[in-house]
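The structure under discussion appears below in the form of structure tokens.
The values are calculated or read from the model by the stated rules, or taken from the named source; none is laboratory data. In this text, all values refer to a predicted model and were calculated from it rather than measured experimentally. Backbone-built Cβ (ideal geometry, glycine too); neighbour counts: all protein chains shown. These area figures cover heavy atoms from the full protein model, side chains too; ligands, DNA and RNA do not enter into them. Shrake-Rupley method; radii C 1.70, N 1.55, O 1.52, S 1.80 Å.
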Amino acid sequence: MTNEIRSSSKVLLLATIGLVTMGAPVRADPAYKASDIVAHFSPTKALGGSRSLCIGTETECAKAIPEQSKPVDGFDLKVNFDYNSDRLTSAARSNLDEFARALKDPNLSASHFLVEGHTDGMGSDAFNLDLSMRRAAAVVKYLTVHGVGDDRLEAKGYGKQKPLVSDLMSSENRRVETRLRNQ
């Protein structure tokens, strides 16, 4: 075999390997771990509020009462969708696998969650409301298929009503978040 033929064969082989690996699905590491989610939503073991008696005007006593602790904020699920789609990407499924694992943890076994879908500002209000609801429902469906009781999850779509950033067209506004649901 001549050097020219061997060289051409190597190039063809490398090109074929490159094409085959390009078609292989890429699986990214999750953006967070189940333990992060459990720590975020787990109730803190507080000793309870202090009790006291204040003698004075309502204004004077209000200053003496410490502010109640703020409830746990939402958790950004980092669930991505293709543009105008409610299909979960592979990265989204990877993140939801961690979320499902966290919701099965004993510390969160009695917790109920609101799954909120949001969109950017493109499109009509009605379209975005429908799309955000379908995205939230897709997340709930995925989690229930992976062992989380559907009685613990509620899907809600907000469309473009609650942007995360001030630029309404920003892709950062296309997101799904969860919050502890008040019983």
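A compact table of results
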item	result
Filtered residue count, region 88-133, keeping only those that are crowded, with 18+ Cβ neighbours inside 10 Å, of a type outside the set (A, V, I, L, M, F, W, C) and in a helix (DSSP H, G or I)	5
Residue tally, condition closer than 20 Å to E154 by Cβ and either open to solvent by less than 50 Å² (accessible area, probe 1.4 Å) or at pLDDT 85 or above (or both), over region 55-87	6
Tally, over region 134-183, of residues that are surrounded by 12 or more Cβ atoms within 10 Å (Cβ to Cβ), closer than 28 Å to S42 by Cβ and not charged (D, E, K, R)	19
Condition broken by D130, with the remaining ones in (1) touching a residue at least 12 places away in the same chain (Cβ under 8 Å); (2) over 19 Å from D82 (Cβ atoms) satisfied	(2)
